[in-house]
């Protein structure tokens, strides 16, 4: 068993995954701007999935090729500063979600003001997500591929059935094609 220390604590992962989930939900609730935010939502979902997988590997280490782990760890250290900065920004933006949530009995002008605030908030999130991905996209893509290889290698070592391996391979291909 080889632990996968990426320099993040388990608490950091749990908090980061939670923030991503809340912001994804809020972006979906922007009513009307969602189509313009579709790619941003996908990027956040990918980040959430990568963080969840790394968290799982850290809490439940598996026996795989140490070189794959080292490569993923190296790429993870390159992402650490931009990810910390991005998650701080996202945490601040997530805390502002309640500012534009209005009760159902609010007047028309309150609802219009809330809708405008919601769209402005969503566009701000979009800019932060784009900036973050511009700085670390290649590293995140490679980490994602390495995590897929680690998973595939682990399943192969544990003699899972061919059907399970084919499902895993299909899932990996779907993740990278969409």
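Taken together, the values in this text are just the output of simple stated rules run on the coordinates, not laboratory data. The structure presented is a predicted model; accordingly, all values stated were derived computationally and were not measured. Using ideal geometry, Cβ is built from the backbone for each residue, glycine included, and neighbour counts are taken over all protein chains shown.
Here are some notes:
- Spacing of the modelled spin labels on residue 142 and residue 65, each 7 Å from Cα toward Cβ, amounts to 1.5 nm.
- Footprinting exposure proxy ranking of 133, 38, fewest other C-beta atoms within 10 angstrom first, gives 38, 133.
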